[in-house]
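**Q** Here's a structure for you.
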Amino acid sequence: MKFGVLVFPGTWSDRDWGHALGYVSGQEVVYLWHNDTDLQNCDGIIVPGGFAHGDYLRTGAIARFSPIMESVRKFAENGGLVLGSCNGFQILTEAGLLPGALLRNACSSFLCEWTYIRVERTDTPFTSQCQKGQVLRIPISHGEGLFFCDDTDLQALEDRGGVVFRYCDANGAVTPEANPNGSKNNIAGVINESGSVMALMPHPERCCEPELGGVDGLLICQSMVHAVAGIHS
Amino acid sequence: MRQDIQIISDPTDAQLRETALSRSEFQLIKDLLGRAPNHVELGIFGAMWSEHCGYKNSKPLLKRLPSTGARILFGPGSENAGAIDAGNDLAVVFKIESHNHPSAVEPFEGAATGVGGILRDIFTMGARPIALLDSLRFGSLDVNRTRYLFHGVVGGIGHYGNCIGVPTVGGEVSFDDTYTANILVNAMCIGVAPKDKMISAKASGIGNPLLLVGADTGRDGIHGATFASVTDPGSTQRSAVQVGNPFLEKLLLEACLELRDTGWLVGLQDLGAAGLTSSSVETAHKGGCGVEIDVAKAPRRESGMSAYEVMLSESQERMLAIVDKEHIADVQGIFAKWGLHSDCIGYVIEEPALRIKDGDTVLAEIPTDYLTEKTPMYTREGLQDPAIAQLWQFDFSAVPAPESLSAELLAMLAHPDIASKKSVYQTYDHLVGNNTVIAPGSDAAVLRMRDEQGAPTGVSLAVSTDCVSRMVYLDPFNGGAMAVAESARNCVCAGATPVALTNCLNFGNPEKPEVYYQLASAIDGMAAAAKALQTPVVSGNVSLYNESQGSAIYPTPVIGMVGLLEHNLRPLPSSNLQTGDGIYLMGPWYDQIASLAGSLYMAAQKQIVAGRPVQIDLALEARLQKFITEAHAAALLQCAHDCSDGGLACALAEMAIWSDIGVTQEKSIQVDSPISALFGEAPSRILVGISPEKQAEALRMAAAYDIPFVKLGTAGGAAFQFLGVELPVAEMKLRWENGLVEAVKE
């Protein structure tokens, strides 16, 4: 399978995704420069973490105008799989491919730590290898990860099952103490209505090898690999 | 007549202070040139002859440090940073650097640009930065400004490192009144490069163009190098502080690494202290040629800048690239891809001189050796401060015994030097890059090394920074040796073999005999330890004049150590005690009252910094370190933790807290003075946890290495019971976790 990892000026999780999907998962990985428009026949697209365009103005606000994003939009509309993480989540919400917005953490400072997230849905191309209710241990690293939308949109999002991951404690309990950034309803990751675009604030690419402290991120990588293999077969 | 070429034949005192030159140095400049310099030339001499660029007080002393070894690829001074051979055709490039004065007046930008500067030193050599560490020292927390400085510095470090995507994996944070007016911000960076593709900082090839790349040149940071070479940093010097742009630096980093693989770069040098002046002079001098620069071609942030300002600006995120003239368009194309403009501002010339023009007008012409080799060097007479001999006589038996040892331990665990630094490092991305195997919070951080294709090489790096300045103050030779030994011990506690070090010498005004004595003696101590432990010095930085109102900081030679774990050896954790594990002190046992000399306990609880610290036995230190790495390689140890600040009590308590398990003291231990046994500080001591079935073999090995040891107790339960301290581990943990957070609350 072939995955394309977007690279904006200021992106820094690109190489980590390349490692997790390439070296660890054995897939073909290409890096796609933000000024290009050709997705090079990739089977899946990763919008990685970083500070695209310096996060000037607002996180993701400039990145959504990069030429590659128009191709990503068309790709997603045709059912192509797009996964965003961290800054990638921010970019996908700015681009209108996912609902909501990511605001400054409630604690107001940047936070890098391991968190637990509960898998709310396993019928998506990004979570098929997880168990429903499974607790994954995955690190976060962001200053603006508070998932926000107004109450009406939040209700709609919940009603359609758009929440894929929620911050929880080690036992899977969704509590205010387990919410690192003040996200509404402890939301850590959401999916679009068609199920082709998903993003989360935690970094699955950082926990795909035991020596880095955990392998739960592999479940998300493997789910995507399964999904695109399904498309091919 | 334009001001910048105005001849200065008799400078005012203000002109001399602005350029940090003495009147006799000015005379030397006149003698060298055979004429009086003009304004631009004087500024250039001032910057290049500053302690910051020219090391005029420290160079003769720095030569005493060992700098050779089988693994050394680049030693001190030869390139922007030192480098060692880590096998697998990979070089580890590293250096530590200070940004003390800027951080003292503008903490956020001062610390941020300190990080930016050390990153550039690493990627200028063609290495990808894989880790940052920061050694921070602040003043008394009784002073409100200390909190402001603390939050500013931590914020600035996080901002720069997080934005550029290099993990901040370790360092130190400590507080002492000695740093109230002169905080220390030392940043260390470690990078990895393919050995055969490293880029040099030499200019060569007559006619090759010089490209100035990155940010436009502004008025920020003018006199930064000279500012760093005078005492009493004050808010009036805020304009000497630069403003950082980590996003721009990220683009520079990626562009430089992409260019590394093309072979089109002849040389590369970042613009740091003294900006364009120092970068052009140094590359020319190293290449044995000269450079001609037309300041009119330098892109500027604002209009009306003089040549003097362009040449001495320390605007950040700029690089000087010396490019193969056949490939100038190709090189500019790569910079442009990364959104960077690059302007040809001059050429390599044959005459070994720095020639500065503004259009057709020649503004300055100075032979490069006048600015490098001819920098005046001062070897001074050092004299120990007589007050130290008095302090050595301090009678510790007069110190009243505390009412409750448990209360004393709780207070120490809550002390900001000992307490958890999580509230600091959780604001730093310490995981990006997928290499962090041991995250901040242990004795050393551990990063795995991967090859150019991303495959792990089976080699990991342990990295640590250290210095206990109270010990250096009370006994500079011994303290300097202890700083090297402790940073090495930290790497050893992670199971690594220390291989090389970098250092940042933070001292007061070297023109004072007692400060010069501290500097010379501490360097001698460092040299002795570096030789004994076979950890040569590959790079470093000197920050002198850290004093205010005539009072110098404690001498603080911060050591950045790099150790290697090879052949897929996994790191040794700092805490992994299981029920039934024996806990041993490997190294000498001290319970005499004199071991309180220089201890954090005396400083923090009694406000006394006195006594003669326990002398380090370097042969024992070397054996102890060898024993720990050998025992780990033989899988005999559960965990190891260095015993330093706060003594045995704090080290043992930390092990218990981190492992979430109690400790019961071994019954046979007899002590003279419990307070000394608990809180006394001495070198060459490591606590280890050993599982019952491994104890006999581990102790046999310790005996074979001639290491003294004492069984302190056994892990188990939830209570900490040791030499009269009786506490629930949960209570100790709470105090330890909240100590720093509470102390710095605004």
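The values are calculated or read from the model by the stated rules, or taken from the named source; none is laboratory data. Only a predicted model underlies this, so the values are computations on that prediction, with no experimental measurement involved. Neighbour counts run over all protein chains shown; Cβ positions are idealised from the backbone, glycine included.
**Q** Residues that are loosely packed, with under 13 Cβ neighbours inside 10 Å and charged (D, E, K, R): find the helices (runs of 4 or more DSSP H) completely inside region B:1-53 holding 1 or more of those.
**A** Here the list reads B:13-19, B:23-33.
**Q** Moving on. I'm trying to understand the selection: among the residues of region B:95-120, which are assigned to a helix (DSSP H, G or I) and in contact with a Cys (Cβ under 7 Å, 6 or more places away or on another chain)?
**A** B:Ile118, B:Leu119
**Q** Another question, then. List pairs: first in region B:152-180 and more than 9 Å from chain A (Cβ to nearest Cβ) and without any contact (Cβ under 8 Å) to a residue 12 or more places away in the chain, second crowded, with 24+ Cβ neighbours inside 10 Å and among the hydrophobic types (A, V, I, L, M, F, W, C), Cβ under 8 Å, 6+ apart or cross-chain?
**A** Once the first residue is more than 9 Å from chain A (Cβ to nearest Cβ) and without any contact (Cβ under 8 Å) to a residue 12 or more places away in the chain and sits in region B:152-180, no partner that is crowded, with 24+ Cβ neighbours inside 10 Å and among the hydrophobic types (A, V, I, L, M, F, W, C) comes close enough.
**Q** Against the definition (over 29 Å from B:Gln3 (Cα atoms), at pLDDT below 95 and in contact with a helix residue (DSSP H, G or I) (Cβ under 8 Å, 6 or more places away or on another chain)), how does B:Gly359 come out, yes or no?
**A** no
Table: residues versus (1) farther than 24 Å from B:Tyr55 by Cα; (2) in a loop (DSSP other than H, G, I, E, B); (3) aliphatic (A, V, I, L, M).
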position: B:Glu351; (1), (2), (3): yes, yes, no
position: B:Leu354; (1), (2), (3): no, no, yes
position: B:Thr375; (1), (2), (3): no, yes, no
position: B:Tyr378; (1), (2), (3): no, yes, no
position: B:Glu381; (1), (2), (3): no, yes, no
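**Q** Mind checking whether some residue in region A:69-80 is within 28 Å of A:Leu212 (Cα to Cα) and either at the interface with chain B (Cβ under 9 Å from one of its Cβ atoms) or touching a Ser or Thr at 6+ places or on another chain (Cβ under 8 Å) (or both)?
**A** No, that holds for no residue.
**Q** Among the residues of region A:116-135, is there at least one that is within 14 Å of another protein chain (Cβ to nearest Cβ), surrounded by fewer than 23 Cβ atoms within 10 Å (Cβ to Cβ) and either charged (D, E, K, R) or not in a strand (DSSP E or B) (or both)?
**A** No - not one qualifying residue is present in region A:116-135.
**Q** So A:Val5 clears everything in (1) out of contact with any Phe, Trp or Tyr (no Cβ under 7 Å at 6 or more places or on another chain); (2) of a type in the set (A, V, I, L, M, F, W, C); (3) on the phi < 0 side of the Ramachandran plot except one condition, right? Which one?
**A** (1)
**Q** Here's a follow-up. Being within 14 Å of chain B (Cβ to nearest Cβ) and surrounded by fewer than 23 Cβ atoms within 10 Å (Cβ to Cβ) is true for just one of A:Glu193, A:Glu113. Which residue is that?
**A** A:Glu113
**Q** Here's another thing I want to ask about it. Checking B:Ile675 against (1) modelled with pLDDT under 95; (2) assigned to a loop (DSSP other than H, G, I, E, B): exactly one of these is not met. Which one?
**A** (2)
**Q** For residues that are part of a loop (DSSP other than H, G, I, E, B) and in contact with a Ser or Thr (Cβ under 8 Å, 6 or more places away or on another chain), scanning just region B:248-272, find the one that is farthest from B:Gly214 (Cα to Cα).
**A** B:Gly272
**Q** So, of the residues in region A:78-95 that are touching a residue at least 24 places away in the same chain (Cβ under 8 Å) and more than 15 Å from A:Met201 (Cβ to Cβ), which turns out to be farthest from the chain's Cα centre (by Cα)?
**A** So the residue we want is A:Gly79.
**Q** Any residue at all in region B:94-109 that's within 14 Å of chain A (Cβ to nearest Cβ) and surrounded by fewer than 24 Cβ atoms within 10 Å (Cβ to Cβ)?
**A** Yes, the conditions are met somewhere in region B:94-109.
**Q** Could you please give the count of residues in region B:445-460 that are aliphatic (A, V, I, L, M) and within 11 Å of chain A (Cβ to nearest Cβ)?
**A** Of the residues in that region, 3 qualify.
**Q** Out of A:Arg64, A:Arg73, which single residue is assigned to a helix (DSSP H, G or I), within 20 Å of A:Met198 (Cβ to Cβ) and in contact with an Asp or Glu (Cβ under 6 Å, 6 or more places away or on another chain)?
**A** Of the residues listed, the single one that is assigned to a helix (DSSP H, G or I), within 20 Å of A:Met198 (Cβ to Cβ) and in contact with an Asp or Glu (Cβ under 6 Å, 6 or more places away or on another chain) is A:Arg64.
**Q** Counting only residues that are surrounded by fewer than 23 Cβ atoms within 10 Å (Cβ to Cβ), within 12 Å of chain B (Cβ to nearest Cβ) and not in a loop (DSSP other than H, G, I, E, B), how many does region A:30-61 have?
**A** Of the residues in region A:30-61, 4 are surrounded by fewer than 23 Cβ atoms within 10 Å (Cβ to Cβ), within 12 Å of chain B (Cβ to nearest Cβ) and not in a loop (DSSP other than H, G, I, E, B).
**Q** Just one of the numbered conditions (1) farther than 23 Å from B:Leu259 by Cβ; (2) touching a strand residue (DSSP E or B) at 6+ places or on another chain (Cβ under 7 Å); (3) among the hydrophobic types (A, V, I, L, M, F, W, C) is not true of B:Cys289; which one?
**A** Unmet for B:Cys289, out of (1) farther than 23 Å from B:Leu259 by Cβ; (2) touching a strand residue (DSSP E or B) at 6+ places or on another chain (Cβ under 7 Å); (3) among the hydrophobic types (A, V, I, L, M, F, W, C): (1).
**Q** Considering B:Ser306, B:Ser278, which residue is of a type in the set (Ser, Thr, Tyr), more than 14 Å from chain A (Cβ to nearest Cβ), surrounded by fewer than 24 Cβ atoms within 10 Å (Cβ to Cβ) and more than 28 Å from B:Gly433 (Cβ to Cβ)?
**A** B:Ser306
**Q** Look through region B:411-441, keep the residues that are among the aliphatic types (A, V, I, L, M) and within 22 Å of A:Glu144 (Cα to Cα), and return whichever of them is farthest from the other protein chains (Cβ to nearest Cβ).
**A** This residue is B:Val424.
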